[in-house]
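Report on the following structure.
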Amino acid sequence: MANFDQELDASGLNCPLPILRAKKSLASMSSGQVLHIIATDPGAVKDFEAFAKQTGNELLESREDGGKFYFLMKKN
């Protein structure tokens with residue numbers, strides 16, 4: 001896994017909370033920094049893809065492992 005600057009554990013949260021928490025975390029980060037997000041909601045996969053397109057932040061990685069979903073998002 002790539003390096004990241006901040007981690008957000010959104011396990012157990014359902015849509016739209018993982019996105020809202022990620023948005024808040026990204027707001028406090030500098031451009032170019034990477035946020036690592038952990039979620040358990042299967043809907044988060046499509047949510048984060050759409051969120052990246054809407055905000056211009058780059059979704060570097062999206063993967064599933066053992067029922068958890070991991071995302072790396074680079075702030076624009």
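The values are calculated or read from the model by the stated rules, or taken from the named source; none is laboratory data. Note that the structure is a prediction, hence the values are computed from the model and not measured. Using ideal geometry, Cβ is built from the backbone for each residue, glycine included, and neighbour counts are taken over all protein chains shown. All accessible areas refer to the heavy atoms of the entire protein, side chains included, with ligands and DNA or RNA removed. Shrake-Rupley method; radii C 1.70, N 1.55, O 1.52, S 1.80 Å.
Across the chain, Cα pairs under 8 Å and at least six residues apart give a relative contact order of 34 percent. Figure legend: label point modelled 7 angstrom from the Cα of LYS68 along Cα→Cβ; residues of the range 19-49 with amide N under 13 Å from it are 36-41. Entry comment: accessible area of the chain is 57 Å² per residue, from protein heavy atoms only and a probe of 1.4 Å.
Here the accessible area is traced with a 1.4 Å probe on the protein chains. For the chain, carbon and sulfur cover 47 percent of it.
Computed extension length for MET29-VAL45: 3.6 nm, one decimal, from 0.36 nm per residue of separation with the Cα-Cα distance subtracted. Net charge in the neighbourhood of ALA39 (other residues with Cβ under 9 Å of its Cβ; Lys, Arg +1, Asp, Glu -1) is -2. An ellipsoid equivalent to the chain, defined through the eigenvalues of its Cα gyration tensor, has semi-axes of 17, 13, 11 Å when rounded to whole angstrom and sorted largest first.
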